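All of the numbers you see were taken from the coordinates with simple rules; none came from a lab. Small disclaimer: the values here were computed from a predicted structure and weren't measured.
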């Protein structure tokens, strides 16, 4: 998560043309990480990742943090869907064993 393009053989952060590479805003290794916005038109958006685990395995959760009003609930669903594609789709497909 801190270096999404580190392994060129397993690319997963495949951005759309209207998206931008996120920057790390905060990190508390190994449990949490906050990215800047993927969307230039929403510069205050943040994506927070949290990792927790035990002997049975690990769980990664993400939260979309938005400030201010958005156009509508459909826009929020679209943003969540996109993060879901990247993290629960692409990332899992490339690294899940």
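The figures follow:
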item	result
Value of Rg/Rh across segment 53-97 [Cα atoms, Kirkwood radius]	1.11
Helix axis angle, 73-84 relative to the chain longest principal axis, alpha carbon, degrees	20 degrees
Relative contact order for the chain, counting Cα pairs under 8 Å that sit 6 or more residues apart, in percent	20 percent
Correct choice for Cα Rg over 2.2 N^0.38 Å that was computed from the model, options (1) 1.00; (2) 1.11; (3) 1.85	(2)
